[in-house]
Amino acid sequence: MISLENVTFQYQNQTEPTLKNINLALQAGERALITGPSGSGKSTLGNLLNGVLPEEFPGELSGKIMIDGKNLAELDLTALSFEVGTVLQDPDAQFVALTVAEDVAFALENDARPAAELHQRVAQWAEILQMPELLKQKPQELSGGQKQRVALAGVLIDDEPILLLDEPLANLDPAAGKVSMELLDRLAKERGLTVIVIDHRIEEALQVSFDRIVVLKDGQIIANDQPTAILQSDVLLANGLRESLYVTALKDAGVDVSALVSLDDWQ
Ligand code: ADP
Ligand code: MG
């Protein structure tokens with residue numbers, strides 16, 4: 001579904017590439033957590049996949065990016081937006097309408113669908129995302145978790161096969177983050193979505209069952225493996241990232257974590 005071969009990207013106003021020789025392949029339906037210290041290039045990678053780069057921030061891109069069988073270089077932004085649904089870190093920036101219902105419908109209005117279909121699909125998605133009561137409210141009046149659900153509905157309503165979330169946990173308290181991650185997990189499984197979550201909050205993000213964790217550092221992939229293998233290793237702690245607390249506790253207690261399976265699924 002997604003493949004990057006020797007991808008290097010340098011912002012126009014930088015003297016060195018921010019992403020260096022990235023190789024990454026995700027199958028359809030695969031769920032990946034992309035993590036790494038602040039400034040490691042996570043958002044840059046996400047923004048390459050959804051077309052924000054080099055569209056909004058120019059730079060030099062080399063290598064090959066394939067999305068859903070198409071070469072990114074040959075996709076325009078509109079075509080790409082039908083492939084990759086993005087939920088931004090700050091959902092406020094994503095809201096365009098006066099009510100939640102209008103906002104969710106905006107994606108569909110953009111491709112001029114009939115009004116009846118619009119109403120039916122907004123209602124359907126409000127149900128799936130457990131927010132029928134929110135539809136008439138102003139997006140700005142919602143809690144962080146509710147805003148995220150609205151943003152999620154706004155991108156899912158278009159049936160994009162790939163869902164990209166950059167720091168979905170940034171503005172949420174732990175309880176709201178848990179609700180969001182569980183909802184994402186359920187939707188991704190039910191709909192077979194390919195999911196990329198970008199976040200350095202590893203324990204919280206692992207409330208989604210990921211197939212792999214990709215660790216970025218200084219613009220390079222330094223680890224790419226199943227969550228259990230990543231948690232068994234010391235790659236997270238060694239790079240200033242916090243692994244799940246129970247994993248650190250097990251290691252501190254002298255438990256041989258290399259013998260444990262499903263280390264990411266202990267909650
Ligand atoms: P992360 O999301 O992992 O924190 P980013 O991809 O946002 O990392 O940023 C990585 C580096 O890329 C930054 O340290 C900065 O040097 C550079 N960078 C990010 N955005 C821009 C931009 N719009 N213009 C120029 N350089 C940028
Ligand atoms: Mg970022």
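What to note about this one:
- Helices (runs of 4 or more DSSP H) wholly inside the range 35-107 that include at least 1 residues being within 16 Å of ligand 1 (Cβ to nearest atom): 42-49, 52-55
- Count - residues of the range 208-220 that are surrounded by fewer than 21 Cβ atoms within 10 Å (Cβ to Cβ) and not small (Gly, Ala, Ser): 5
- When residue 104 is tested against (1) closer than 19 Å to residue 168 by Cα; (2) open to solvent by 10 Å² or more (accessible area, probe 1.4 Å); (3) of a type outside the set (S, T, N, Q); (4) in contact (Cβ under 8 Å) with a residue 24 or more places away in the chain, only condition (2) is not met.
Yes/no per residue for (1) under 16 Å from the mean Cα position of the chain (by Cα); (2) surrounded by fewer than 20 Cβ atoms within 10 Å (Cβ to Cβ); (3) more than 22 Å from residue 122 (Cα to Cα); (4) within 16 Å of ligand 2 (Cβ to nearest atom):
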position: 43; (1), (2), (3), (4): yes, yes, yes, yes
position: 48; (1), (2), (3), (4): yes, no, yes, yes
position: 51; (1), (2), (3), (4): yes, no, yes, no
position: 60; (1), (2), (3), (4): no, yes, yes, no
position: 69; (1), (2), (3), (4): no, yes, yes, no
position: 82; (1), (2), (3), (4): yes, yes, no, no
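- All conditions in (1) in contact with a Pro (Cβ under 9 Å, 6 or more places away or on another chain); (2) within 25 Å of residue 184 (Cβ to Cβ); (3) away from ligand 2 (no atom under 16 Å from the Cβ); (4) open to solvent by 60 Å² or more (accessible area, probe 1.4 Å) hold for residue 89, with the sole exception of (3).
- Taking first residues from the range 238-254 that are within 21 Å of residue 216 (Cβ to Cβ) and partners that are among the charged types (D, E, K, R), the Cβ contacts under 6 Å between residues at least 6 apart in sequence or on separate chains come to 239/217; 244/203.
The values are calculated or read from the model by the stated rules, or taken from the named source; none is laboratory data. All of these numbers come straight from a predicted model, not from anything done at the bench. Neighbour counts are summed over all protein chains in view; Cβ atoms, including those assigned to glycine, are modelled from backbone coordinates with ideal geometry. Ligands, DNA and RNA are stripped out before the accessible areas are found, and what is left, the full protein with its side chains, is counted by its heavy atoms. Shrake-Rupley method; radii C 1.70, N 1.55, O 1.52, S 1.80 Å.
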